[in-house]
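Reading through the structure tokens given below for one structure.
The values are calculated or read from the model by the stated rules, or taken from the named source; none is laboratory data. All values derive from a computational prediction rather than experimental measurement. Don't worry about glycine lacking a Cβ; one is built from the backbone with ideal geometry, like all the others, and counts go over all protein chains shown.
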Amino acid sequence: MADRSIKFRRLRKILKRYGVEWDPTHGKGSHGCFYKQMEGGLFTYPVPDEKDTLICYVRGCRKKFKLTTEDGISDREFYEE
């Protein structure tokens, strides 16, 4: 299983399991920011608040918040509910 487009609400739910929060007040236009305090500071990643989240944003969130297979989080573990 590889990264794929998913519903925005589902992405929020998945990221919340890993301690990543959503702030709709930061970002420009239709974008808000996911954020997480990690070693090295506060990390943010802007994502558009739309019904479907494109694969590039899902992949970007996984890399930014260290939720990839290289970081020990398998695709299956990340996407399961």
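Some observations on this one:
- Across the range 64-76, the number of residues qualifying as surrounded by 12 or more Cβ atoms within 10 Å (Cβ to Cβ) and either under 21 Å from LEU42 (Cβ atoms) or of a type in the set (D, E, K, R) (or both) comes to 7.
- Whenever a residue of the range 1-14 is part of a loop (DSSP other than H, G, I, E, B), its partners that are crowded, with 17+ Cβ neighbours inside 10 Å, lying with C-beta atoms within less than 6 angstrom and at least six residues away or across chains, give the pairs ASP3/VAL58.
- Count of residues meeting criterion [touching a Leu at 6+ places or on another chain (Cβ under 8 Å) and more than 10 Å from ASP3 (Cβ to Cβ)] in the range 68-81: 1
- Of the set (1) over 13 Å from the mean Cα position of the chain (by Cα); (2) modelled with pLDDT of 95 or more, all apply to ARG62 but (1).
- Number of positions in the range 38-81 that are within 19 Å of ARG9 (Cα to Cα) and either aliphatic (A, V, I, L, M) or assigned to a loop (DSSP other than H, G, I, E, B) (or both): 11
- Flag for TYR35 being part of a strand (DSSP E or B), surrounded by 13 or more Cβ atoms within 10 Å (Cβ to Cβ) and in contact with a strand residue (DSSP E or B) (Cβ under 6 Å, 6 or more places away or on another chain): yes
- Flag if THR25 is more than 20 Å from ARG4 (Cα to Cα) and either loosely packed, with under 12 Cβ neighbours inside 10 Å or more than 11 Å from the chain's Cα centre (by Cα) (or both): yes
- Within the range 45-63, the presence of a residue that is exposed (fewer than 14 other Cβ atoms within 10 Å of the Cβ), of a type in the set (Asp, Glu) and under 18 Å from ILE73 (Cα atoms) is excluded.
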